[in-house]
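Novice: Provided herewith is a single structure, encoded as structure tokens, for subsequent inquiry.
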Amino acid sequence: MSEIEELRAMVEALAGRVRALEDQVEITQLVAQYGPAVDSGSAEAAAALWTEDGRFDAVPQLRMRGRADIVAMVNGGHQSLIRNGCGHVLTVPHVVVDGDEATGRSYALNIRWDAEDDRFWVARVSANTWRWVRTAAGWRVAERVNANLDGTPEHRAMLAPRESGAPVHPVEERYGHE
Amino acid sequence: MSEIEELRAMVEALAGRVRALEDQVEITQLVAQYGPAVDSGSAEAAAALWTEDGRFDAVPQLRMRGRADIVAMVNGGHQSLIRNGCGHVLTVPHVVVDGDEATGRSYALNIRWDAEDDRFWVARVSANTWRWVRTAAGWRVAERVNANLDGTPEHRAMLAPRESGAPVHPVEERYGHE
Amino acid sequence: MSEIEELRAMVEALAGRVRALEDQVEITQLVAQYGPAVDSGSAEAAAALWTEDGRFDAVPQLRMRGRADIVAMVNGGHQSLIRNGCGHVLTVPHVVVDGDEATGRSYALNIRWDAEDDRFWVARVSANTWRWVRTAAGWRVAERVNANLDGTPEHRAMLAPRESGAPVHPVEERYGHE
């Protein structure tokens, strides 16, 4: 290999590592936009974090399919939450990228204002599983499941490291989704 | 273009992407230092996260201008909080970098120890907006606004995605800042 | 220096910056796995985040040495927590990398389900200090100390920026560890 070919190979290897870092940062930043979007009532911005046909299961009560369902959620029942005062506080997920797909695990806290007591109360601490896909416009959420850590075995099992070939969202079987 | 010129162009493009990643990581790490600094009573370390003339608005009660004001806050009213026991838990912000400036949105939780009940209580969940600037010493906070998510419409509006040209901190108008 | 030597120097400098970014992301992702591992009861996965002889002090009650101690903790007293419902919510640490070692500061929240009140309560907000080491298998935890922010001066001091040469875990002296 000539000196210049060798150098080119080094640059190409480096470019692959940079892309892997970009994937991590982009996915983390995608997730960082969810809370601010819904807590400001920005329904379209929240929905735009998903793919057109993206899925969002808030177990067990809400099963959203496609961006219109997410817009409807933010403009619907969610309004009373934000008028009262609330924070949807998500943690940075553990992300595993596999080509143009990625999966992840994290927490979501739903904390609500209690004007009478001049303090907040923690309504939900949820296990979250994610599936993201790389699109022409960048990474988007293909699937998110959010399930309360209330002792239900299937909910905490969502947080386990995913074995190769295992389904992303074991909780779905419990609720008969698809 | 010669082979070596082509390779140089590849390296320069890659360097730009690496710098963009460094900006993200540096800003995230800057924010990650705020809580530990104030909760350990490290007043100078907290102030050093800002530019010399940086601004920090804890809406509506506190309006800090410059590092000396931040030092005074940590060494002042903040002391009773940390002697009692508390955590200023900040989330990873959504960051938008534009050259040598950046803006962001995130949450800050103020959680306080209740020795009698042997548990913590959540005093505040706040919307945060940030403006950072690149200085010779690295990224620093130029402006932070922190406002409780208590149902006040202007506070939750702080978390909305910023439209191009929109002010970073709409809440400031409400409080007549500058 | 020839044109190609100059270019090679640029690529090598860039490779160093990419490695620094990878260190940050890998350590952050290591920490992001702790909560999901323990809250799903994945004892081996939790222990594997540490080095073989890694240390984990949950001040003051629990002093774990080596992976077997961590496995025993998850399979032991921790079980009643997860059967009841709980979230171990960790923040992104401030990380300082120094060659093949790194140190960090962060928070850990321990939030527990109260089925009767249909809400969570915050049992602990802890100061965390970390020491990580680069191993052949990637970054691992060499030492973690977790101490409640209950007003104890030594606990909040753990969150202070570490001076060069200062011990990572001043709290250990208080408890006479090693």
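The values are calculated or read from the model by the stated rules, or taken from the named source; none is laboratory data. This is a predicted model, so every value here is computed, not measured. Reconstructed Cβ throughout: ideal geometry from the backbone, glycine too, with neighbour counts over all protein chains shown.
Novice: Go through segment C:91-117 and count every residue that is out of contact with any Ser or Thr (no Cβ under 9 Å at 6 or more places or on another chain) and aliphatic (A, V, I, L, M).
Specialist: 3
Novice: Just to confirm my filter: which strands (runs of 3 or more DSSP E) fall fully inside segment B:3-90 and include at least 1 residues that are at pLDDT below 95? Working first, answer last.
Specialist: On the way: elements: B:50-58, B:62-65, B:86-90.
Of the strands (runs of 3 or more DSSP E) lying wholly inside segment B:3-90, those with at least 1 residues that are at pLDDT below 95 span B:50-58, B:62-65.
Novice: When only residues in segment A:1-35 that are in contact with a Ser or Thr (Cβ under 8 Å, 6 or more places away or on another chain) and among the aliphatic types (A, V, I, L, M) count, which is farthest from the other protein chains (Cβ to nearest Cβ)?
Specialist: Selected residue: A:31.
Novice: Quick check: anything in segment C:142-153 within 14 Å of chain B (Cβ to nearest Cβ), under 17 Å from residue C:33 (Cα atoms) and either of a type in the set (S, T, N, Q) or assigned to a strand (DSSP E or B) (or both)? Talk me through it step by step, then tell me what you get.
Specialist: Keep residues of segment C:142-153 that are within 14 Å of chain B (Cβ to nearest Cβ), which gives C:145-153.
Cutting the leftovers down to under 17 Å from residue C:33 (Cα atoms) gives us C:145-146.
Narrowing further to those that are either of a type in the set (S, T, N, Q) or assigned to a strand (DSSP E or B) (or both): C:145-146.
There is at least one residue in segment C:142-153 that is within 14 Å of chain B (Cβ to nearest Cβ), under 17 Å from residue C:33 (Cα atoms) and either of a type in the set (S, T, N, Q) or assigned to a strand (DSSP E or B) (or both).
Novice: Same structure, new question: Exactly one of these conditions fails for residue A:87: (1) at the interface with another protein chain (Cβ under 10 Å from one of its Cβ atoms); (2) surrounded by fewer than 22 Cβ atoms within 10 Å (Cβ to Cβ); (3) within 27 Å of residue C:36 (Cα to Cα). Give me its number.
Specialist: It fails just one condition, (2).
Novice: Here are some residues: B:69, B:98, B:53. Which one is more than 9 Å from every other protein chain (Cβ to nearest Cβ) and touching a Gly at 6+ places or on another chain (Cβ under 6 Å)?
Specialist: On the way: B:69 fails: touching a Gly at 6+ places or on another chain (Cβ under 6 Å); B:98 fails: touching a Gly at 6+ places or on another chain (Cβ under 6 Å).
Just a single option satisfies the conditions, and that option is B:53.
Novice: Output the residue which, of all residues in segment B:25-53 that are surrounded by fewer than 24 Cβ atoms within 10 Å (Cβ to Cβ) and charged (D, E, K, R), is nearest to the chain's Cα centre (by Cα).
Specialist: B:26
Novice: For segment B:55-81, which positions are surrounded by fewer than 22 Cβ atoms within 10 Å (Cβ to Cβ) and touching a residue at least 40 places away in the same chain (Cβ under 8 Å)?
Specialist: B:57, B:58, B:60, B:63, B:78
Novice: Go over the candidates B:2, B:42 one by one and state the one that is free of Cβ contacts under 8 Å to residues at least 24 places away in the same chain and small (Gly, Ala, Ser). First the steps, then the outcome.
Specialist: Details: B:42 fails: free of Cβ contacts under 8 Å to residues at least 24 places away in the same chain.
Testing whether each residue is free of Cβ contacts under 8 Å to residues at least 24 places away in the same chain and small (Gly, Ala, Ser) leaves just B:2.
Novice: Also, quick follow-up: Inspect all residues belonging to segment B:128-139 and state whether any of them is of a type in the set (A, V, I, L, M), out of contact with any strand residue (DSSP E or B) (no Cβ under 9 Å at 6 or more places or on another chain) and at pLDDT 95 or above.
Specialist: Restricting attention to segment B:128-139, the residues satisfying the condition of being of a type in the set (A, V, I, L, M) are B:133, B:136-137.
Pick out the ones that are also out of contact with any strand residue (DSSP E or B) (no Cβ under 9 Å at 6 or more places or on another chain) and you get B:136-137.
Add one more test, that the residue is at pLDDT 95 or above, and what stays is B:136-137.
Within segment B:128-139, one or more residues are of a type in the set (A, V, I, L, M), out of contact with any strand residue (DSSP E or B) (no Cβ under 9 Å at 6 or more places or on another chain) and at pLDDT 95 or above.
Novice: Something else now. Just to be sure, is residue A:119 without any contact (Cβ under 8 Å) to a residue 40 or more places away in the chain and surrounded by 20 or more Cβ atoms within 10 Å (Cβ to Cβ)?
Specialist: Details: without any contact (Cβ under 8 Å) to a residue 40 or more places away in the chain: yes; surrounded by 20 or more Cβ atoms within 10 Å (Cβ to Cβ): no.
Considered against the rule, which asks whether it is without any contact (Cβ under 8 Å) to a residue 40 or more places away in the chain and surrounded by 20 or more Cβ atoms within 10 Å (Cβ to Cβ), residue A:119 comes out as no.
Novice: Taking the criterion of being in contact with a His (Cβ under 6 Å, 6 or more places away or on another chain), surrounded by 22 or more Cβ atoms within 10 Å (Cβ to Cβ) and more than 11 Å from chain C (Cβ to nearest Cβ), would at least one residue in segment B:105-116 satisfy it?
Specialist: Yes, there is a match, as at least one residue in segment B:105-116 is in contact with a His (Cβ under 6 Å, 6 or more places away or on another chain), surrounded by 22 or more Cβ atoms within 10 Å (Cβ to Cβ) and more than 11 Å from chain C (Cβ to nearest Cβ).
Novice: Now for a different question. Could you please give the count of residues in segment C:7-22 that are under 22 Å from residue C:139 (Cβ atoms) and without any contact (Cβ under 8 Å) to a residue 60 or more places away in the chain? Break it down stepwise before answering.
Specialist: Initially, segment C:7-22 is screened for residues under 22 Å from residue C:139 (Cβ atoms), giving C:14-22.
This time we only want the ones that are without any contact (Cβ under 8 Å) to a residue 60 or more places away in the chain, so: C:14-19, C:21-22.
Final tally of qualifying residues: 8.
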